[in-house]
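To start, the structure under review is shown below, and the notes come after it.
The values are calculated or read from the model by the stated rules, or taken from the named source; none is laboratory data. This structure is a prediction, so every number in the text was calculated from the model and none was measured. When we count neighbours, we look across all protein chains shown, and the Cβ atoms used for this are built from the backbone with ideal geometry, even at glycine.
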Amino acid sequence: MGLALASSLARAHPDAAIAVADPQRSQLERFNDMANVRTTTDNLEAAKSVDALLLAVKPQMLKPVVEELRELSIAVLVISVAAGVTLETIARWFGGARPIVRCMPNTPVLVSKGVAGAIGNAEVTDGHRQLVDRLLRPGCEIVWLESDRDLDVVTAVSGSGPAYFFYLMEAMMESARRLGMPQELARKLVVRTATGAAAMAEQPERTPSELRHQVTSPRGTTQAAIEALDLEHVRDTWSQAIDAAFERSKELGRELSCTG
């Protein structure tokens, strides 16, 4: 996610000075082709003289990173994309009140097709929200929410969501190959079907349910497929999967809030 967001920022703001920190130099090599991105293995060095600090690390790694940055000016806007870790916990790790935004974008930000939920604490002003919009909107649409719980839902639905669609696409490609279709043709058909269906779903005139019914002729091939899915309770399984992601996001928040 750090690479995706940095790439989007670098493309959208070619005149901006962007600093990226990572303890592994091999990870930093991925940014070599970005002319306006400076890299370092020192977190505090990267955070000096910035308007906004984006924390794109795994939840379990967030606390030690935050503790390195405690001396950072309280005027700097902190943006965290770590799943589950609440605004209150991040502020406590910093040692006091400062403007903090939690944001959960998804990987399509790499192709400027992402979506992100965001929430801010009491110190976040309209100006801070505008800054977040300016920084992230080139790569994703931003939806402002009210609570950490709302962001846990976003994490389960859209943060993890691309993987659900990729999982389905994998299954469809495997089925096509099993039925004798060449791999590249299977990939082309499945990907184009997915992008076409998504484009239709973006039109406000019809709901996904209505669009599905348009394709499902009585006693036709699509009805046979849908009945097979219903027989295996696939809709319930998807619901359980999203519930599991939601509960894991909340669990991460509880676990990490107890670490001091």
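Restricting the search to the stretch 69-98, which residues are in a loop (DSSP other than H, G, I, E, B) and of a type in the set (Lys, Arg)?
Arg70, Arg98 - these are the residues of the stretch 69-98 that are in a loop (DSSP other than H, G, I, E, B) and of a type in the set (Lys, Arg).
Picking from Ile100, Ile79, which residue would you name as being surrounded by 20 or more Cβ atoms within 10 Å (Cβ to Cβ), among the aliphatic types (A, V, I, L, M) and without any contact (Cβ under 8 Å) to a residue 40 or more places away in the chain?
Going through Ile100, Ile79 in turn, the sole match is Ile100.
State whether one or more residues within the stretch 130-137 are farther than 25 Å from Leu252 by Cα, in a helix (DSSP H, G or I) and either touching a residue at least 24 places away in the same chain (Cβ under 8 Å) or hydroxyl-bearing (Ser, Thr, Tyr) (or both).
yes
So, in the stretch 194-228, exactly how many residues are under 17 Å from Leu168 (Cβ atoms) and over 28 Å from the mean Cα position of the chain (by Cα)?
Residues flagged as under 17 Å from Leu168 (Cβ atoms) and over 28 Å from the mean Cα position of the chain (by Cα) within the stretch 194-228 amount to 5.
Within the stretch 1-34, work out how many residues are over 19 Å from Glu45 (Cβ atoms) and charged (D, E, K, R).
Number satisfying all stated conditions: 3.
Report yes if Ala176 is of a type outside the set (Phe, Trp, Tyr), modelled with pLDDT of 95 or more and under 24 Å from the mean Cα position of the chain (by Cα), otherwise no.
Considered against the rule, which asks whether it is of a type outside the set (Phe, Trp, Tyr), modelled with pLDDT of 95 or more and under 24 Å from the mean Cα position of the chain (by Cα), Ala176 comes out as no.
How many residues are part of a helix (DSSP H, G or I), in contact with a strand residue (DSSP E or B) (Cβ under 7 Å, 6 or more places away or on another chain) and either among the small types (Gly, Ala, Ser) or outside the structural domain of Asn106 (by TED's automatic domain parsing) (or both) if we restrict to the stretch 6-37?
Result for the stretch 6-37: 2.
Every residue, every condition in (1) at positive phi; (2) aromatic (Phe, Trp, Tyr); (3) crowded, with 17+ Cβ neighbours inside 10 Å, yes or no:
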site	(1), (2), (3)
Ile142	no, no, yes
Ala163	no, no, no
Tyr167	no, yes, no
Glu170	no, no, no
Ser175	no, no, no
Leu179	no, no, no
Leu189	no, no, no
Gly196	no, no, no
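Checking the conditions here, which among Val66, Val57, Val50 is surrounded by 14 or more Cβ atoms within 10 Å (Cβ to Cβ), part of a helix (DSSP H, G or I) and out of contact with any Lys or Arg (no Cβ under 7 Å at 6 or more places or on another chain)?
So the residue among Val66, Val57, Val50 that is surrounded by 14 or more Cβ atoms within 10 Å (Cβ to Cβ), part of a helix (DSSP H, G or I) and out of contact with any Lys or Arg (no Cβ under 7 Å at 6 or more places or on another chain) is Val66.
In the stretch 151-182, which residues are farther than 23 Å from Gly114 by Cα and either β-branched (Val, Ile, Thr) or not in a helix (DSSP H, G or I) (or both)?
Scanning the stretch 151-182 gives Leu179, Gly180, Met181, Pro182.
For every residue, the table says whether it meets (1) in contact with a Gly (Cβ under 6 Å, 6 or more places away or on another chain); (2) closer than 23 Å to Thr86 by Cα; (3) among the hydrophobic types (A, V, I, L, M, F, W, C).
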position: Ala16; (1), (2), (3): no, no, yes
position: Gln24; (1), (2), (3): no, no, no
position: Arg30; (1), (2), (3): no, no, no
position: Lys48; (1), (2), (3): no, no, no
position: Val57; (1), (2), (3): no, yes, yes
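Matching residues to (1) closer than 30 Å to Ser80 by Cα; (2) part of a helix (DSSP H, G or I); (3) assigned by TED's automatic domain parsing to the domain that holds Pro64:
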site	(1), (2), (3)
Pro204	no, no, no
Leu211	no, yes, no
Gln214	no, yes, no
Glu227	no, yes, no
Asp236	no, yes, no
Leu256	yes, yes, no
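Restrict the check to the stretch 37-55 and report whether at least one residue is under 28 Å from Ser249 (Cβ atoms) and polar (S, T, N, Q).
Within the stretch 37-55, one or more residues are under 28 Å from Ser249 (Cβ atoms) and polar (S, T, N, Q).
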